[in-house]
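Let me begin by presenting the structure, written as structure tokens, before commenting on it.
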Amino acid sequence: MLTVSALELRTRLRDGTAIVIALVVPVTLATLFGLALGGDDPPLRATVGFVDLDGGEFPASVRREVTAAEELKGSVTLRDLASGGEARRALDADEIGAAIIFPAGFTRSVGAGEGGDVTVLTSPRSPLAGVVAGAVVDRISAVVDARTLAVRAALLAGVPGERVKELVERNGAAGPALRLTGDPLAGGKVDLAVYYGSGMAALFAFFVVGASFRSLLTERKLGTLDRMRAGPLAAWVPVAGKAVVGFALAMVSVCATWVSGTLIFGSSWGDPLAVLAVLTAHVLAAAAITMLVAARVKTDAQADGVIMVISFVMAFLGGSLVPLHSLPGVLQAVALLTPNGWTATALAELAGSGAGVAAVMGPIGVLLAIALAAGGLAVLGLRKGMLL
């Protein structure tokens, strides 16, 4: 297998296809798109559900602050909901992008220095709403912690319980007023250079791995595959040898596009470990799909045409050429039928929220499932086509 892989790699490097398709074209296109269309993503709109089961002053102050924040005007809308169950149903139906739920007795609990829990519901389909809800709750936590600390300090100092609230408030130790510091939307904005850089990486992964599986058909046409199979080789060795090279070159391609985008534009794709996991899962899915194409077509020319059509259709529908949020609602749903759609969703989540691997385990799992399903069908097709 190593011999077959080494021969495939030498051939690809010698004729220049590996360097051009894996490095030059995707990096160049990502750079051109980034220069022409880069910058902060246009302002998004999001709806945050607001569930007030407390009815006290604390949730009311949160509402006033959110509605008065200049940074949120025109972008974020609060929607009153009657219960946590209603908020979850609205979130599942994509009617809201996130929800903040204040439990009954929250204001009383905070006033007594006992703290309190605020529930936050988010959806990966609306990272902006999640960022806003997270910013609000972070400030709520600071206020509650300050109030709790002040009350406990007063009690430890021997202040009678009935005088604690009065003392705390009179001395300005009730905790800082709720204020949204900085730009609450900053985490929800994704540089368009990231969209197009990751889009080019996802698109050309298909071309890079497809070239190796296409060469299997060329080997069969030239009779080389039959000569290899006549030797003391297991039937899977030629396929595995070429697959290793295709996968390795595709990983070099997507990582080079990632690194070049970061260096040229100074934009972050998110947590490096999480980004690498998503890109690896995407390349596996792309490899399995192109292997399935090679198993179903008859000639290398057919493979070229089918791989090109599949690659561009998936790139358009999956947000590699046009950001997902710019697509109509129907096409956004269709995007989740493609590996590019899940890759774009995961990378937007990482770039927009700064989350880690745990936040994108769902998309990674779907990509691996696509790879497993397409790879299994490809193996059956290769056996039937006498390539294995």
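Quick notes on this one:
- Model label sites at ASP226 and ALA301, defined 7 Å from Cα along the beta-carbon direction, differ in position by 2.1 nm.
- At R0 = 22 Å, FRET efficiency that the Cβ-Cβ distance of THR11 and VAL252 yields, to 0.05: 0.85
- Estimated D of the stretch 279-361 in µm² per second, where Rh is the Kirkwood radius over Cα pairs and Stokes-Einstein applies at 25 °C, 0.890 mPa s: 178 µm²/s
- Sorting the segments 368-379, 79-90 by their residues' average number of neighbouring beta-carbon atoms within 10 angstrom, most packed first, yields 368-379, 79-90.
- Highest-first arrangement of 276-289, 232-245, where packing means the average Cβ count within 10 Å: 276-289, 232-245
Here, each number is a calculation from the coordinates, and none is a lab measurement. This is a predicted model, so every value here is computed, not measured. All Cβ positions, even for glycine, are placed from backbone atoms using ideal geometry, and neighbour counts span all protein chains on display.
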